[in-house]
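Since the structure comes first, as structure tokens, the remarks are kept for the end.
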Amino acid sequence: MASRYVVVSREAIEGFLQSKHFERSVQATEVVYVFRHRRDPRVVVKVYTSLRVGARTVRGCGEDAIRVATVFDDGQRSFGVGKFPKILRTGSEQLILDRIYSRIREAYLRGSDFIRMNSHEY
């Protein structure tokens, strides 16, 4: 039996990310949550929520995906450090939040690896 698309509420996603100490920002019209790495604040985990400014839920089935990325951003240059599989909105709201958390952990670990491998360069 295939899992079906689940609508995730704005309150669920934003409440979850805020509880993990992510900071809310907006890029274009999308709500993006950011968390700066504790060892180097230039390394940032970003969660692209699929939430549009003013919308009550994420976009509909097939319109977009929740994504997590790790980036380096020192204010002068910015580039990707880690890109991860999109987060499917299937199963239940709790399963989706669990998958977001799993990707966040992967992204943070990727940031740790990047810092360790490049600490001599900056």
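The values are calculated or read from the model by the stated rules, or taken from the named source; none is laboratory data. This one's a predicted model, so the numbers in the text were calculated from it and none came from an experiment. Quick reminder, even Gly has a Cβ in these numbers, built from the backbone with ideal geometry, and neighbours come from all protein chains shown.
State all residues of the range 63-100 that are without any contact (Cβ under 8 Å) to a residue 12 or more places away in the chain and part of a strand (DSSP E or B); if no residue qualifies, say none.
Answer for the range 63-100, where residues must be without any contact (Cβ under 8 Å) to a residue 12 or more places away in the chain and part of a strand (DSSP E or B): 78, 79, 80.
Quick one: count up the residues across the range 3-49 that are in contact (Cβ under 8 Å) with a residue 24 or more places away in the chain and not basic (Lys, Arg).
Filtering the range 3-49 down to residues in contact (Cβ under 8 Å) with a residue 24 or more places away in the chain leaves 3-10, 12-14, 16-17, 20, 22, 26, 29, 35, 37, 39-40, 42-47, 49.
Add one more test, that the residue is not basic (Lys, Arg), and what stays is 3, 5-9, 12-14, 16-17, 22, 26, 29, 35, 37, 40, 43-45, 47, 49.
Residues flagged as in contact (Cβ under 8 Å) with a residue 24 or more places away in the chain and not basic (Lys, Arg) within the range 3-49 amount to 22.
In the range 64-115, how many are under 13 Å from the mean Cα position of the chain (by Cα), closer than 20 Å to residue 36 by Cβ and of a type in the set (Asp, Glu)?
1
Quick one: in the range 14-29, of everything that is among the small types (Gly, Ala, Ser) and closer than 16 Å to residue 53 by Cα, which residue is modelled with the lowest pLDDT?
First pass over the range 14-29, keeping only residues among the small types (Gly, Ala, Ser): 15, 19, 25, 28.
Checking the rest, the ones that are also closer than 16 Å to residue 53 by Cα come to 15, 25, 28.
Values: 15: 96, 25: 95, 28: 89.
Checked the range 14-29; the qualifying residue modelled with the lowest pLDDT is 28.
Residue by residue through the range 37-60, note down the ones that are modelled with pLDDT under 80 and charged (D, E, K, R). Working first, answer last.
First, the residues of the range 37-60 that are modelled with pLDDT under 80: 54-60.
Selection gives 56, 59.
Checking the conditions here, which among 24, 39, 103 is part of a loop (DSSP other than H, G, I, E, B) and of a type in the set (D, E, K, R)?
The match here is 39.
Just one of 106, 63, 93 is at pLDDT 95 or above and not aliphatic (A, V, I, L, M); which is it? Give the derivation first.
Values: 63 fails: at pLDDT 95 or above; 93 fails: at pLDDT 95 or above.
Exactly one residue qualifies, and that residue is 106.
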